[in-house]
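Asker: Let me begin by handing over the structure; questions about it come next.
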Amino acid sequence: MGRPTLFHVELKRRGWDDWEEFCIHFSAAARTLADLTGRRRLATASVGRTTFDRWAKPDYGGRPRKEAAQILEHIFGYSVDELFSPAHTPAELRQPPTEAAAVINNRWASTSRLIVPATGAAGMWELNGRDSLAGTAAAIQVMTAVRDEGDDEVRVLDPDGGLKQFLRPAARRGFLVGVEDQSDDYGLYVLDASSARRSQSVASSRENPIAIPRAYLLDDLTYGILWSLTQLDDGLLADDHALDAEGHNLDMYLALPRSAPNRQLLELTSAGSSWWGSAFCAHYIERELQSAGEIPVFWTREQCGAEAAPWLFFRHKIDYLRSTGRFASGGQATSRVFCVPEAAVARTERYERILLLLAIALMERHGIRVRLVTHSAYADMDGVALIPGQKAVVANWVRTGEALWAASTTSSRGDLRSYGTAFRDAEQIDILASPDPKSRLEELARFLDIDWAWVTTRCRAVAEQGVASLVRTRSRLLTSEGIDDVLSFLGTFASRV
């Protein structure tokens with residue numbers, strides 16, 4: 001996306017991006033212009049909601065005409081051609097932080113609101129969740145940044161020294177966004193406030209400006225990481241005491257032949273419920289597979305980035321992947337099946353599909369052969385670990401309705417036959433048919449409509465910096481080890497120029 005139109009920017013700057021608010025000013029200007037010109041018809045002009053929504057799009061390419069055009073020119077002081085062209089009018093009229101906020105608001109629908117005060121003070125970045133992610137908010141400081149040609153970082157300009165106030169130690173989450181004013185767009189670079197604070201402590205920002213690596217360009221890769229990790233982190237921090245207090249019940253639940261506790265037993269956030277369900281299921285499967293004499297196969301229920309994100313950040317998930325790696329022997333590896341119907345792909349944005357790609361790549365990184373089926377008939381298949389002919393360990397925590405999890409173990413011949421048939425079918429209809437991880441992941445990227453060369457190159461760049469400075473984990477239950485590992489793994493597949 002290039003620069004938004006000047007009209008779009010002016011609406012944001014003036015706070016008129018609500019149709020009803022805009023109509024107040026439009027009608028007042030119409031009456032004033034009618035009095036000035038003696039053209040009474042102008043006084044009755046109006047703008048419908050649909051028309052306003054079309055005009056307000058950042059990339060609207062049309063031009064209002066007749067009375068509407070005259071009134072808009074009277075209000076804003078620019079010609080209609082200027083108003084509905086990209087906002088790279090004279091430099092003194094541009095406000096990169098304000099325009100950058102408009103770009104973020106319009107580029108990612110899950111940014112429900114990003115407010116950047118015209119005074120230069122700290123704003124607020126509100127994120128909508130999806131499925132197991134319930135949304136959160138963080139403080140944000142958006143400032144102009146510059147870069148010398150050839151540099152691998154941008155320098156944040158702070159001529160008034162106001163950044164120090166934003167970076168003071170605080171319990172809240174915060175992000176510093178540097179805006180590089182490019183010829184036909186804005187480059188947006190993100191740094192966790194804690195990292196910016198450490199940089200600022202080295203020297204004053206005026207003498208030695210805070211630098212943000214260009215690898216932290218805000219795009220679908222970094223936005224997806226920030227979007228998911230921030231929500232998981234904030235939710236787990238809110239639930240820390242409750243989860244710690246509930247830990248003593250783990251052995252009790254593990255001792256039961258089957259369990260499906262109701263979510264209402266605990267007052268947890270969506271992130272806390274996901275963590276508790278995931279942690280129990282991991283422990284349950286590991287216990288049930290301790291004496292397994294054969295290599296088990298796994299089926300998992302995650303279908304989108306919000307559901308798959310815990311694989312990247314939950315500390316126990318990384319331990320679980322390492323634990324199941326013990327089954328690989330003699331050149332044989334265990335496998336894990338995903339069912340991701342095309343409809344599930346269609347309803348998610350690219351940043352969320354990237355999270356799913358990363359989660360699956362992390363499994364391949366740990367030597368797990370991933371299979372992917374798209375038939376919707378398997379969309380509600382249990383999450384299960386199957387030891388063929390012996391037992392099936394069912395452990396669901398994704399899409400379990402009112403239950404935190406649903407776990408049981410069965411040796412019923414009928415159940416084993418049904419699960420075995422599903423796994424054999426998966427081998428036949430697996431769309432990741434290539435024999436090596438790189439080729440399978442490249443096939444997955446095509447299915448998810450993700451540019452393979454772009455994503456591997458970006459993974460390599462972010463891996464070289466690490467995720468911790470982009471967005472820091474604060475909960476003891478999270479780690480950036482997994483995300484750093486998979487970014488580095490995918491980065492090895494990037495073409496070297």
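Asker: Hey, can you tell me all the residues within segment 149-184 that are charged (D, E, K, R) and outside any loop (DSSP other than H, G, I, E, B)? Steps first, answer last, please.
Answerer: At the first step, the residues of segment 149-184 found to be charged (D, E, K, R) are 149, 151-153, 155, 158, 160, 164, 168, 172-173, 180-181, 184.
Residues satisfying the conditions are 153, 155, 164, 180, 181.
Asker: Here is a follow-up. Of all residues in segment 372-426, which are basic (Lys, Arg) and under 14 Å from residue 301 (Cβ atoms)?
Answerer: Within segment 372-426, 399 is the sole residue that qualifies.
Asker: Now, a different point. Can you tell me which condition residue 493 does not meet? The list is (1) free of Cβ contacts under 8 Å to residues at least 12 places away in the same chain; (2) in a loop (DSSP other than H, G, I, E, B), and all the others hold.
Answerer: (1)
Asker: For segment 316-330, does any single residue satisfy the condition of being at negative phi, touching a strand residue (DSSP E or B) at 6+ places or on another chain (Cβ under 9 Å) and among the aliphatic types (A, V, I, L, M)?
Answerer: no
Asker: Of the numbered conditions (1) touching a Pro at 6+ places or on another chain (Cβ under 8 Å); (2) more than 17 Å from residue 3 (Cβ to Cβ); (3) of a type outside the set (Ser, Thr, Tyr), residue 39 fails exactly one; give the number of that condition.
Answerer: (1)
Asker: Moving to a separate point now. Give the residue, chosen from 236, 232, that is of a type outside the set (Gly, Ala, Ser) and touching a Lys or Arg at 6+ places or on another chain (Cβ under 9 Å).
Answerer: The match here is 236.
Asker: Another question, if that's okay. Given the structure, is residue 333 closer than 18 Å to residue 364 by Cβ and either in the same structural domain as residue 449 (by TED's automatic domain parsing) or modelled with pLDDT under 95 (or both)?
Answerer: yes
Asker: Checking residue 280 against (1) within 23 Å of residue 358 (Cβ to Cβ); (2) aromatic (Phe, Trp, Tyr); (3) in contact (Cβ under 8 Å) with a residue 60 or more places away in the chain, which test does it fail?
Answerer: Failed condition: (1).
Asker: Considering only segment 138-164, state which residues are among the hydrophobic types (A, V, I, L, M, F, W, C), touching a Lys or Arg at 6+ places or on another chain (Cβ under 9 Å) and buried (at least 16 other Cβ atoms within 10 Å of the Cβ).
Answerer: Once the filter is applied, which keeps residues that are among the hydrophobic types (A, V, I, L, M, F, W, C), touching a Lys or Arg at 6+ places or on another chain (Cβ under 9 Å) and buried (at least 16 other Cβ atoms within 10 Å of the Cβ), segment 138-164 yields 138, 139, 145, 154.
Asker: Of 217, 176, 232, 237, which residue is modelled with pLDDT of 95 or more, surrounded by 22 or more Cβ atoms within 10 Å (Cβ to Cβ) and not small (Gly, Ala, Ser)?
Answerer: Working: 217 fails: surrounded by 22 or more Cβ atoms within 10 Å (Cβ to Cβ); 176 fails: modelled with pLDDT of 95 or more; 237 fails: surrounded by 22 or more Cβ atoms within 10 Å (Cβ to Cβ).
One residue alone meets the criteria, 232.
Asker: Give the number of residues within segment 78-126 that are out of contact with any Phe, Trp or Tyr (no Cβ under 8 Å at 6 or more places or on another chain), at pLDDT 80 or above and not assigned by TED's automatic domain parsing to the domain that holds residue 166.
Answerer: Counting residues in segment 78-126 that are out of contact with any Phe, Trp or Tyr (no Cβ under 8 Å at 6 or more places or on another chain), at pLDDT 80 or above and not assigned by TED's automatic domain parsing to the domain that holds residue 166 gives 7.
Asker: Name the helices (runs of 4 or more DSSP H) wholly inside segment 185-299 in which the number of residues that are charged (D, E, K, R) and under 30 Å from the mean Cα position of the chain (by Cα) is 3 or more. So that I can check it myself, show each step before the final result.
Answerer: Values: elements: 193-202, 220-238, 240-246, 250-254, 270-288.
The qualifying helices (runs of 4 or more DSSP H) are 220-238, 240-246.
Asker: Which ones in segment 183-206 are of a type in the set (Asp, Glu) and at pLDDT 90 or above?
Answerer: 192
Each row is one residue, and each column tells you yes or no for (1) farther than 17 Å from residue 305 by Cβ; (2) under 32 Å from the mean Cα position of the chain (by Cα); (3) free of Cβ contacts under 8 Å to residues at least 60 places away in the same chain.
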site: 355; (1), (2), (3): no, yes, no
site: 362; (1), (2), (3): no, yes, no
site: 367; (1), (2), (3): yes, yes, yes
site: 375; (1), (2), (3): yes, yes, yes
site: 392; (1), (2), (3): yes, no, yes
site: 399; (1), (2), (3): no, yes, no
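The values are calculated or read from the model by the stated rules, or taken from the named source; none is laboratory data. As the structure is a computational prediction, the values presented were derived from the model and not from experiment. Glycine gets a Cβ as well: all are built from the backbone with ideal geometry, and neighbour counts include every protein chain shown.
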